[in-house]
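The values are calculated or read from the model by the stated rules, or taken from the named source; none is laboratory data. Only a predicted model underlies this, so the values are computations on that prediction, with no experimental measurement involved. Note that we place each Cβ from the backbone using ideal geometry, even for glycine, and neighbour counts take in every protein chain shown. The area values use the complete protein model at the heavy-atom level, side chains included, leaving out ligands, DNA and RNA. Shrake-Rupley method; radii C 1.70, N 1.55, O 1.52, S 1.80 Å.
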Amino acid sequence: MTDGGHRAAGAVFSPFVSAWNCLGEWARRLQPGRISRNDELLEAKRKIDELEGLLAASADLRKENEELRRLTALPPPAEWRAVLAEVISRDPERWNDQLLVNCGSEEGLVTGAVVLVDGKVFGRVQKCFRHTAEIVTLLSPDCRFGVAMEGTDAVGVLQGAGDAPFEGGRSGFVVDYLPKELEVRPEQMVVTSGLGGWMPPGLPVGMILADAPDGGRVHLPDAARAMIHGIPSVSFGAFHFVSVLVPRHAL
């Protein structure tokens, strides 16, 4: 096994080795005459708590490894480079709107780059610092980029709807500046348009609300355009890593 393999194996099994050593020490202390019965019970409870903590940490580690394997198994489109970044903080007041990752300009990130989770658009880079970056999600009003209606030539501008939920209490986004005569259907897919050069075309973004009136379309008064309501394809549940697609010409 290589040195890297030894280190990786050691990182995985280290919690269990530590737990075994702790159990051995506890067993020695249980020998007659060493400690009282009450102390034995207290010590046993403490060791059980330690083992439960180690098992929980091991489960979290497995989940993170599975998440990383999924991300690295998705090759970036041609002319783009994928940068894996770890989520290091989320604002409780803007939990689904904004987060901070541990990569920045030194790792190749650029403002405007698209952010993916499991191959689906999650948001984009709003601010880029040296070793960190601020990400705004599809639900944030600060998130805007060009999208297309799958199966049509229609393009528009997506913007997060923020704290204004749609029918049924679901949060999502709006797509504005669409042709007023555009025919849409419930659950029609919204994808990236690729216009502007900061994200590849055809990435899955979301779909039109299935139960909204008129398929989620809103005709703006006194305007020659239409706006639709949509919900993201990506899950906003627990995750630890994101993939940022950076155009190679920006490196």
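Annotations
- Note on Val157 and Phe236: the extension gain reaches 26.3 nm, defined as 0.36 nm multiplied by sequence separation minus the Cα-Cα distance.
- Straightening the chain between Asn102 and Arg46 buys 16.7 nm, computed as 0.36 nm per residue apart minus the Cα-Cα spacing.
- Approximate spin-label separation Arg225-Arg37, in nm, with each point projected 7 Å along Cα-to-Cβ: 8.0
- Estimated distance in nm for a label pair at Leu182 and Ser89, the labels positioned 7 Å out from Cα along Cα-to-Cβ: 3.7
- Remark: the range 135-204 carries 46 Å² of accessible area per residue (probe radius 1.4 Å; ligands, DNA and RNA excluded).
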